[in-house]
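Structure record follows, encoded as structure tokens.
The values are calculated or read from the model by the stated rules, or taken from the named source; none is laboratory data. Not measured: the values here are computed from a predicted model. All Cβ positions, glycine included, derive from the backbone under ideal geometry; neighbour counts span all protein chains shown. Side chains included, ligands, DNA and RNA excluded: accessible areas come from the protein's heavy atoms. Shrake-Rupley method; radii C 1.70, N 1.55, O 1.52, S 1.80 Å.
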Amino acid sequence: MTISKEEQEKLYRYYTEPKTVTDLARKTLALVLAGGEGSRLKDLTAWRAKPAVPIGGKYRIIDFPLSNCVNSGIRRIGVLTQYKSHSLIRHLQRAWGFMRAEIGEFVEILPAQQRTNKKEWYQGTADALFQNLDIMQRHHPEYVLVLGGDHVYTMDYSEMLLAHAQSGADFTVGSIEVPAEEASGFGVMSVDENMRITKFTEKPDNPDCIPGKPGIALASMGIYIFSKDFLYKTLIDDACNPASSHDFGKDIIPASIAAARAMAYPFRNKAGEPDYWRDVGTLYSYWQTNMELCSVAPELNLYDRNWPIWTYQPQYPPAKFIFDDEGRRGSAIDSLIAGGCILSGALVKRSVLFFATTVEGSSTIKDSVILPKVSIGSNCRITRAIIDKGTSIPDGTIIGEDAVEDAKHFHVTPEGIVLVTSAMLGQNLYARLHNDYDN
């Protein structure tokens, strides 16, 4: 019996196309863009890449998109690194080495290697993928999930992947609803009633609103799903365009909408409302995201056993609170206190203390983020501050009460958040062998 070419193609699609969410996940390659400088985080990224910045008491920012991948069943992951990547690479090796290559799982580190004829570092988000095009093709994915490594949220990518496959889209953009007056800082999508993208504008002055939702705009989350054939061709065409800045938000997405099937995927919770997503791109947003975790019922649930956030955990003993004298009582209220911390007659309120931090007697910490291995002396008052890793705060130090005085020694944001690092205090951190410092 002779089978027509059309029937042969149908049979081929039947046996090769994914049938379930699990099949879709197995045929997906995730690429995490983790090479940004993070300059708006000031001295927090002086020696570390932005995705490697500690957050939430025990994690690094990159742990959130990586955990989302693993929890979504996507276990083929590449991390594209560039600037100040040593701390990030070491964390990936420690925290994410549990993947089993024997069964097709991996977290591959893809550093910038000047692999094209121009011998350039990554020139943009699209160029970063183009420079690894052969590596992508080697893994034979049907879909490529592109993520930023510097956002904090929990998301089941398999649901977005299913919507992409069912819609027959060339690419799908993860999106979140924001007030129109706040949307000018994002890439904004104009969509029709079926969520098909009709226009994409990077940081518009007057963003379009969602049909039927006046005052609400649809902002890009920096999450993209591409069908492989479309992606490969688009990356090659973009690389040959001398006028392009080789960026997804500025070039690839806007230029592809007219000819491609482009869909928006709104990120919503079970109640149909916009879910929790934070871009921790500034010191204030970084501080605010940590403070949100101290609330009684935070929107970002770190205690969800069905969606764990994986990370590397140093082996430290439980947190310890000592002394119970009047005016000298070790206590913490509405705070996150990591392992290895010792509060010796000190008070901590609405703050995040990372591991191996010590606070001496009669000191008070309020509304602050204290990174790992910080030593705070006695009789200190610290308010609305970020203290970088390994810093020693001398006895009697007052931070966060006099912005003019703080600005003489530290970095103070327009919102009044004070960033303190060891270098600002004239401390030679690397001479302290006992500190086992890492970035």
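Assorted remarks:
- Unsatisfied cross-links (Cα-Cα over 23 Å) in the set 203/228; 50/349; 320/389: 203/228; 50/349
- Rounded, prolate or oblate (a/c below 1.5 giving rounded, otherwise prolate when a/b exceeds b/c) for region 164-246 by Cα gyration tensor: oblate
- Computed 3J(HN,Hα) for region 338-345, one whole-Hz value per residue from the Karplus formula 6.51 cos²θ - 1.76 cosθ + 1.60 where θ = phi - 60°, is 7, x, x, 7, 10, 9, 9, x, glycine and proline marked x.
- Anisotropy class assigned to region 161-208 is prolate, per the alpha carbon gyration tensor with a/c at or over the 1.5 cut-off and a/b larger than b/c.
- Only Lys, Arg, Asp and Glu carry charge here, each on its Cβ (+1 for the first two, -1 for the last two); on that basis the chain has a dipole of about 1060 debye about its Cα centre.
- Solvent-accessible area of residue 349, all protein chains in place: 60 Å² (probe radius 1.4 Å, heavy atoms, ligands and nucleic acids excluded).
- When Rg and the Kirkwood radius Rh are both evaluated on Cα atoms of region 304-439, their ratio Rg/Rh stands at 0.98.
- More than 14 Å apart - percent of Cα-Cα pairs taken over region 204-287: 75
- P(r) histogram, all alpha-carbon pairs of region 115-227 included - 5 Å bins from 0, percent: 2, 10, 18, 19, 19, 16, 9, 5, 2, 0
- Distance from the C-alpha centroid of region 330-382 to that of region 45-116: 29 Å, rounded to the whole angstrom.
- Every helix of 4 or more DSSP H residues in the chain counts as -39500 (n - 2.57), and over all residues that averages to -6000 deg cm²/dmol at 222 nm.
- Shape category assigned to region 40-139 from the gyration tensor of Cα positions, a/c cut at 1.5: oblate
- Cα-based Kirkwood hydrodynamic radius, region 211-358, one decimal, Å: 20.1
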